[in-house]
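What follows is a set of notes on a single structure, which appears directly below.
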Amino acid sequence: MTDHIDYMDYGTYKGAPIHWRVLKQDDNALLMITDQIIETLPYNSDEKQETTWERSTLRKWLNGEFYRTAFTVEEKADIIACDVQAEGNPLYSTDPGRTTNDSVFILSIAQVEQLFKSSDQRSATGTPHAVENGLFEDNRHQSWWWLRSPGKHGLATASVHSNGTVLTHGIPVFYSSGGVRPCIWLRR
């Protein structure tokens with residue numbers, strides 16, 4: 001196996017380098033998540049429409065505007081589009097939708113619990129841009145961020161609380177103070 005990597009800069013967003021935390025690695029690829037919350041957006045902009053990761057406006061934004069503007073042509077060539085599983089909620093039988101093929105995605109409940117060993121590791125702060133854009137912060141400047149697994153019903157999506165616990169019941173999909181921590185698979 002090649003050298004172990006913990007963090008790296010890759011791409012830019014709002015004029016600043018994107019700092020990534022490596023969650024998983026093998027000889028061929030790195031699974032990375034932004035070290036901080038880089039944006040504040042609703043999971044889905046229609047508050048009356050039940051949604052899944054497949055149909056969410058957040059997915060469209062990540063694989064559209066964000067992907068187009070955050071990475072150069074050369075950087076995009078090393079990002080691996082992958083099947084993103086429609087993983088359900090372990091407590092509720094809410095429809096998770098269908099598997100998608102994405103270049104950029106967010107984690108599921110199962111992934112966040114597997115890849116982060118503790119609440120402290122899941123706890124995150126926002127970039128200056130995200131905070132200026134309305135990101136919720138607690139008194140320790142920690143913020144909550146979206147997961148792609150559904151919540152208790154189709155109008156809520158799971159998230160990671162500002163204290164790092166996973167909220168399986170979910171947050172209403174239209175909340176605009178939610179944090180976004182994109183993930184990518186990158187060729188080594």
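Compactness of the stretch 65-117 was expressed as the Cα radius of gyration divided by 2.2 N^0.38 Å, which yields 1.40. Shape analysis of the stretch 73-171 yields a ratio of the Cα radius of gyration to the Kirkwood radius, Rg/Rh, of 1.01.
Accessible surface of the stretch 1-74, 1.4 Å probe: 48 percent of it comes from carbon and sulfur atoms.
Our summary of shape: the Cα atoms of the stretch 139-186 have principal axis extents of 34, 28, 19 Å, ordered from largest down, in whole angstrom. Close amide H contacts of PHE105 (hydrogens built in the peptide plane, cut-off under 5 Å, sequence separation of 5 or more or a different chain): CYS183. In the chain, the C-alpha radius of gyration followed by the widest Cα-Cα span (Dmax) gives 15.4, 48 angstrom. From its DSSP helices (H runs of at least four residues, each -39,500 (n - 2.57)), the chain gives a residue-normalised ellipticity at 222 nm of -3000 deg cm²/dmol.
For the chain, the relative contact order is 29 percent, taking Cα pairs closer than 8 Å that sit 6 or more residues apart in sequence and dividing their mean separation by the residue count. Simple point charges give the picture: +1 on the Cβ of Lys and Arg, -1 on the Cβ of Asp and Glu, and for the chain a dipole about the Cα centre of about 260 debye. Under the criterion of Cα pairs below 8 Å and six or more residues apart, the relative contact order for the stretch 115-158 equals 27 percent. Partner aspartates and glutamates whose Cα lies under 15 Å from the Cα of LYS14, excluding those fewer than 8 positions away in the same chain, are identified as GLU39, GLU65, GLU132. Summarising the amide proton neighbourhood of GLY11: residues at separation of 5 or more, or on other chains, whose placed amide H is nearer than 5 Å comprise ILE18. In order along the stretch 26-39, the Karplus-derived 3J(HN,Hα) couplings, from 6.51 cos²θ - 1.76 cosθ + 1.60 at θ = phi - 60°, round to 9, 5, 10, 8, 10, 9, 10, 10, 4, 5, 10, 6, 9, 8 Hz, and Gly and Pro are given as x. Rounded to the nearest Hz, the phi-derived 3J(HN,Hα) couplings of the stretch 126-137 under the Karplus curve 6.51 cos²θ - 1.76 cosθ + 1.60 (θ = phi - 60°) are x, 5, x, 4, 4, 5, 4, 8, x, 4, 5, 10, where x marks glycine and proline. Among GLN121, GLN142, GLN25, the residue with the largest mean-square fluctuation in a Gaussian network model of the chain, with springs joining Cα atoms closer than 10 Å, is GLN121.
The values are calculated or read from the model by the stated rules, or taken from the named source; none is laboratory data. Keep in mind that this is a model prediction, so the values were computed, not measured. All Cβ positions, even for glycine, are placed from backbone atoms using ideal geometry, and neighbour counts span all protein chains on display. Remember, those area values only see protein heavy atoms, side chains included, never the ligands or the DNA or RNA. Shrake-Rupley method; radii C 1.70, N 1.55, O 1.52, S 1.80 Å.
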